[in-house]
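Remarks on the structure that follows.
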Amino acid sequence: MVVATAADPGLDLSIARWIMLPADSGLRPAINVLREVFRFAPYVLFVVVLGALARQSAARRVPSARALRSALFLAATLALGPGLAVNAGLKEYSHRPRPIHTIEAGGGDARFRPFFRFDGACVRNCSFSSGEAASSFWTTAPALLAPPPIRLIATVAALGYGVLVSTLRMVLGAHFLSDVAFSAVLVLSLTLLLKKLILRA
């Protein structure tokens with residue numbers, strides 16, 4: 001999707017016009033409530049899994065060194081992906097207006113910009129890339145720590161969660177397809193890399 005929207009930026013606009021709810025839609029309040037729940041869920045999961053690792057290590061069901069590497073893996077993926085690369089990096093410097101703020105898709109006053117241009121009218125907390133998509137796809141990191149019998153199920157559920165959160169952000173007009181797709185690719189790639197570097201060290 002990232003390559004497709006880079007080759008044809010109009011694809012972002014077409015999908016945004018099709019999927020975005022009108023500003024006065026009665027569904028928006030309910031979706032905003034879901035958004036707030038989903039927004040904090042990855043951080044709650046982070047704390048819960050860290051607590052579980054600490055308890056298992058204390059009970060000697062998981063060696064302390066392994067538990068420490070697992071905790072480091074979770075913290076590093078969350079901090080470097082959604083934290084540093086997306087929220088502190090791209091969102092602050094991409095200057096891409098959100099779909100709902102663009103003339104072409106949302107009837108706003110800003111011109112649409114392809115995700116790779118970095119010359120839009122947005123000043124801060126911009127559309128590219130999606131912080132909530134990044135944190136939702138980060139849930140694949142704790143899923144990869146699940147016991148082998150349920151690891152595949154947990155990973156599929158995490159990916160489904162990421163797709164759901166990303167779709168809701170697009171429905172609200174907060175992000176284009178390329179915003180959420182780039183966040184997914186970035187976080188999943190970083191997670192696999194750090195899994196190899198930290199957990200298999």
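Descriptive notes on the structure:
Here is a yes/no grid of residues against (1) part of a helix (DSSP H, G or I); (2) farther than 30 Å from Ala16 by Cα:
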| site | (1), (2) |
| --- | --- |
| Val37 | yes, no |
| Phe40 | yes, no |
| Ala67 | yes, yes |
| Phe73 | yes, yes |
| Phe112 | no, no |
| Arg124 | no, no |
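- Residue pairs whose Cβ atoms lie under 7 Å apart, sitting 6 or more positions apart in sequence or on different chains, and linking a residue in the range 35-51 that is surrounded by 11 or more Cβ atoms within 10 Å (Cβ to Cβ) to a partner that is among the β-branched types (Val, Ile, Thr) and modelled with pLDDT of 95 or more, are Phe38/Val165; Pro42/Thr139; Leu45/Thr139.
- Being surrounded by fewer than 24 Cβ atoms within 10 Å (Cβ to Cβ) and either without any contact (Cβ under 8 Å) to a residue 60 or more places away in the chain or assigned to a helix (DSSP H, G or I) (or both) is not true of Leu145.
- Of Asp109, Asp24, Asp12, all but one fail to be surrounded by 12 or more Cβ atoms within 10 Å (Cβ to Cβ) and of a type in the set (Asp, Glu); the exception is Asp12.
- Qualifying residue in the range 92-99 (condition: surrounded by fewer than 18 Cβ atoms within 10 Å (Cβ to Cβ), in contact with a Phe, Trp or Tyr (Cβ under 9 Å, 6 or more places away or on another chain) and among the charged types (D, E, K, R)): no
The values are calculated or read from the model by the stated rules, or taken from the named source; none is laboratory data. As the structure is a prediction and not an experimental result, all values here were calculated from the model. Heads up, the Cβs are rebuilt from the backbone with ideal geometry, glycines too, and the neighbour counts pull from every protein chain shown.
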